[in-house]
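Each value in this text was obtained by applying a stated rule to the coordinates, not by laboratory testing. Note that the structure is predicted; figures quoted are calculated from it, not measured. Glycine also receives a Cβ, built like all others from the backbone with ideal geometry; neighbour counts cover every protein chain displayed.
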Amino acid sequence: MDLGEGLRHAIAKLTRSVIIDAKTIKEFSKELQKSLLGADVDVELVLKFTKDIEDKALKVKPPSGVAPTDYITNMVYDELVKLMGSSYEPQLKRQRILMMGLYGSGKTTSSAKLAKYYQDRGLGAAVICCDVTRPAAYEQLETLAKQANVSFFGIKGEKDAARIAKEGAEKFKDKQVIICDTSGRNALDDNLIGELKRVDSAFKPDEKILVISADTGQIAGKQAREFNSAVKISGVLVTKMDGSGKGGGALSATNAANTKIMFIGIGEKLGNLEPYNAEKFIGGLLGIPDIGSLVEHVQDAIKEAGIAPEDLQVDELNFETFYTQLKAMNKMGPLKNVFGMMGAPDVPKEIAEQGEEKLNKYKVIIASMTKEERLNEKVLHDTDRIRRIALGSGTKEKDVHDLISDFSKMKKMFSSLKNDRGFKKKFAKFM
């Protein structure tokens with residue numbers, strides 16, 4: 001059970017309680033402790049957190065008209081926000097950013113992600129490869145830079161990282177954001193400290209960001225303190241937040257080390273990086289819908305898929321228009337994340353994965369259809385066409401029949417919603 005699931009389970013148990021007394025609060029506190037400790041949050045932080053919850057829940061009366069369970073849930077939300085650290089608002093201005101971290105932290109990928117983040121917001125961005133110790137670091141960053149559509153500089157075979165940093169900064173003086181990726185090590189040793197100091201002096205960064213993997217848990221705090229003591233960091237970027245059960249431990253430990261959390265990596269794609277927002281993160285853990293992020297996610301997916309917004313305005317649903325919708329959905333990332341933004345994070349993993357697999361299969365099947373078949377599904381009653389589409393898409397005839405059956409149900413629903421004035425009114429009001 002991950003942190004979010006554990007917290008939601010504890011709150012659900014509390015809301016089912018008929019009487020909220022000292023015993024109920026104590027049991028609730030134990031459930032919270034179990035969830036937080038399971039996410040590798042430091043024991044002392046957990047005990048302080050749950051004691052504060054207990055004290056407030058037992059001593060402070062809820063405001064008039066507010067149910068005790070709602071009051072306590074809101075209290076948990078507020079205290080978790082404090083525990084995990086304050087939000088960060090990036091400055092969209094000319095700047096140089098030095099990236100550092102140990103091996104396996106995701107530093108090189110994060111450098112490209114960060115460059116793409118600023119480039120997508122109208123700032124010309126470039127990356128410099130100053131990782132002179134890891135084999136293939138040059139090739140990896142060069143490839144990622146092409147994918148992110150940002151400029152790249154490196155000197156293959158050069159071992160003087162400071163020289164590369166200086167020449168790169170000079171080459172990209174017309175760029176608004178320059179990001180320098182440095183070498184890592186298995187641990188912060190004298191060699192790494194010396195190299196980082198030389199690069200720092202040559203590059204003259206405005207920000208120094210330490211990249212830490214979420215799966216390090218509470219060790220993230222120790223890393224932040226050590227790097228800060230050695231080279232004075234501006235803050236941290238936490239990677240692998242989408243796949244690590246220790247993410248809460250990493251964030252809380254970093255916050256406890258008085259280090260600013262600047263960005264978090266929420267997936268493998270280059271667009272899966274966002275400024276750290278404590279309220280949004282905790283809201284996601286507690287299952288609070290994040291409509292703003294969902295809308296932004298959809299817009300980014302449409303842009304990445306190269307789809308014109310007007311192409312998504314569907315007046316008639318056929319396989320052609322359905323294919324356009326599928327392409328946009330495909331760019332939104334794992335369905336589990338999308339369900340989370342909708343406030344339904346507990347959709348079983350196997351169902352989300354099955355849904356994802358089915359949508360991908362449907363996309364391949366539609367790609368094997370002719371223009372006529374996409375625009376008029378009635379011609380698909382022909383068994384020869386079904387056989388040809390299955391062969392062309394590498395699927396079974398049953399899969400093609402399943403798509404036609406599901407599409408038929410969707411079309412009926414689409415027609416009924418399209419003609420439902422009441423629904424249109426409600427949807428417009430919601431938007």
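Side notes on the structure shown:
- Backbone N under 16 Å from the ARG94 label point (7 Å along Cα→Cβ), restricted to the range 180-210: 204-207
- Total formal charge among the other residues, if their Cβ is under 15 angstrom from that of LEU92, Lys/Arg +1 and Asp/Glu -1: +1
- Close amide H pairs (under 5 Å, H built 1.01 Å from N) link LYS260 with VAL236, residues at least 5 positions away or on another chain.
- Applied to the range 33-45, the Karplus parametrisation 6.51 cos²θ - 1.76 cosθ + 1.60 on θ = phi - 60° returns per-residue 3J(HN,Hα) values of 4, 4, 5, 5, 5, x, 8, 6, 7, 3, 4, 4, 5 Hz, with x for Gly and Pro.
- Order of THR259, THR182 under a 10 Å beta carbon neighbour criterion, fewest first: THR259, THR182
- Sequence ranges 82-92, 16-26, ranked by mean other-Cβ count within 10 angstrom, highest first: 82-92, 16-26
- Charge context of ALA202, other residues only, Cβ under 12 angstrom, K/R +1, D/E -1: +1
- Label point distance in nm, TYR323-MET75, each placed 7 Å from Cα along Cα→Cβ: 5.8
- Report note on the peptides 30-38, 241-249: ranked by the mean count of other C-beta atoms within 10 Å, highest first, their order is 241-249, 30-38.
- Annotation for ALA136 and GLU372: the two label points, set 7 Å from Cα along the Cα-Cβ direction, are 4.9 nm apart.
- Under 5 Å, built H, 5+ apart or other chain: amide partners of SER213: THR239
- Label-point separation, SER405 to VAL43 (7 Å along Cα→Cβ), nm: 5.6
- Under a 5 Å amide H cut-off, with hydrogens placed 1.01 Å from N, ILE233 pairs with ASN228 among residues at least 5 apart or on other chains.
- Full extension of the chain segment joining LYS146 with SER17 gains 40.9 nm, where the gain is 0.36 nm per residue of separation less the Cα-Cα distance.
- Backbone geometry of the range 362-369 corresponds, through the Karplus equation with coefficients 6.51, -1.76 and 1.60 at θ = phi - 60°, to 3J(HN,Hα) couplings of 4, 4, 5, 5, 5, 5, 8, 7 Hz, x marking Gly and Pro.
- When each of the peptides 103-111, 45-53, 223-231 is scored by the mean number of other C-beta atoms lying within 10 Å of its residues, the order from highest to lowest reads 103-111, 223-231, 45-53.
- Phi to ³J(HN,Hα) by Karplus 6.51 cos²θ - 1.76 cosθ + 1.60 over the range 160-167, Hz, x for Gly, Pro: 8, 4, 5, 5, 4, 4, 5, 5
- Over 21 Å (Cα to Cα) - which of LYS13/LYS56; LYS113/LYS260; LYS113/LYS175; LYS280/LYS358 fall in this group: LYS280/LYS358
- With a cut-off of 18 Å on the backbone N, the residues of the range 131-145 near the modelled label site 7 Å out from ASP160 along Cα-Cβ are 131-133.
- Local electrostatic count, LYS378, Cβ distance below 13 Å [Lys/Arg +1, Asp/Glu -1]: -1
- Pairs spanning more than 28 Å between alpha-carbon atoms, out of LYS26/LYS246; LYS269/LYS378; LYS34/LYS116: LYS269/LYS378; LYS34/LYS116.
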